[in-house]
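The values are calculated or read from the model by the stated rules, or taken from the named source; none is laboratory data. None of these values were measured; they are calculated from a predicted model. Neighbour counts run over all protein chains shown; Cβ positions are idealised from the backbone, glycine included.
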Amino acid sequence: MRHRRAGAPRAKGRWFQTTRAHVIGGSAHGSDPAAARAEEIIACLEHTLVAPSARMRLLRDTDFSASTIRRRRRRGGLLRPIGKLAKHTVKTGWRLSTHGFSFAHLAAEGFIEPVATRYMVDFGSYAELFADGRLFSGRSGRALSTLKPWCERPMMPDPWWMLAVLRGVAKADPEEPEAVAGTQCERYSIRVDLARASAASPSGLYAPSAEHFEDLSELPLTVWHDRDRIYRVRYAELPSSTITLELWDFGVSTATLDWTHLPAFNSPKHPRQSHERANQ
């Protein structure tokens, strides 16, 4: 099964130009400001998806204890101390080999090419690369030829989902404006109809965790845009996972990137592509 490609870019045609002109001109949906705000976010999304390139930051924070299953204690015997020792050994080995890297708090930087539907990010010791509909992940700097791509559907919202879901925005409430990467942006608390967004996406969209089925018609997200492009999207998925996608420096050169290896922007031990980090 191919990796789900949510949010594949579409050509900037008459619909995009007309919608954007109406929104900015204030004539969309007559005098309904809420509908106009929603249309403006969608117009910014479409403009973002045809951008040739941008710098990218991906943040994932997860509280694994919230979903931990309680286990019954076993009294006596050797299994309990041996199990605790093995667990401690594995955790210690992981910390030593990855220099304290934690999957609970992931922060990556890299590049994205929306028009080509590909990106690469390095979390430091661990990296991801998505290209040609395939997702590769592993130790930073590894050659893709030594890795097997992910073939299953993503188990969490990925960057394409974070963008494509905005096609279903139904409500947008303004919040305090905020700068993202030096660009002053409008900030909105939005509600997204996942069914509408999925219908507008070529391959459909991943359904995140929700307490009730009805919640999927009002997914809460926060979006930042400068009335031209999307700069940040944040989504908190149940029970306790928050994903933030940031884009900036649109049009940055990506000519020197090596798409045959996982990136190593945040991994000084891997010289490959490390010069790109110094130029940021």
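Odds and ends about this structure:
- Qualifying residue in segment 177-193 (condition: in contact with a helix residue (DSSP H, G or I) (Cβ under 7 Å, 6 or more places away or on another chain) and not in a strand (DSSP E or B)): yes
- Every condition in (1) part of a helix (DSSP H, G or I); (2) surrounded by fewer than 21 Cβ atoms within 10 Å (Cβ to Cβ) is met by Thr242 except one, and the failing one is (1).
- Among the candidates Asp215, Asp193, Asp228, the residue that is acidic (Asp, Glu) and in contact with a Ser or Thr (Cβ under 7 Å, 6 or more places away or on another chain) is uniquely Asp193.
- Residue in segment 257-271 that is of a type in the set (Val, Ile, Thr), modelled with pLDDT of 90 or more and within 24 Å of Met162 (Cβ to Cβ) present: no
- Among residues of segment 204-226 being under 17 Å from the mean Cα position of the chain (by Cα) and assigned to a loop (DSSP other than H, G, I, E, B), the one that is surrounded by the fewest Cβ atoms within 10 Å (Cβ to Cβ) is Ser209.
- Members of segment 151-180 that are touching an Asp or Glu at 6+ places or on another chain (Cβ under 9 Å), loosely packed, with under 15 Cβ neighbours inside 10 Å and modelled with pLDDT under 95: Met156
- Output for segment 186-199, where each listed residue is within 19 Å of the chain's Cα centre (by Cα) and surrounded by 15 or more Cβ atoms within 10 Å (Cβ to Cβ): Arg187, Tyr188, Ile190, Arg191, Val192, Asp193, Leu194, Ala197, Ser198
- Extreme residue, farthest from Ser267 (Cα to Cα), among residues of segment 113-138 that are in a strand (DSSP E or B) and touching a Ser or Thr at 6+ places or on another chain (Cβ under 7 Å): Glu113
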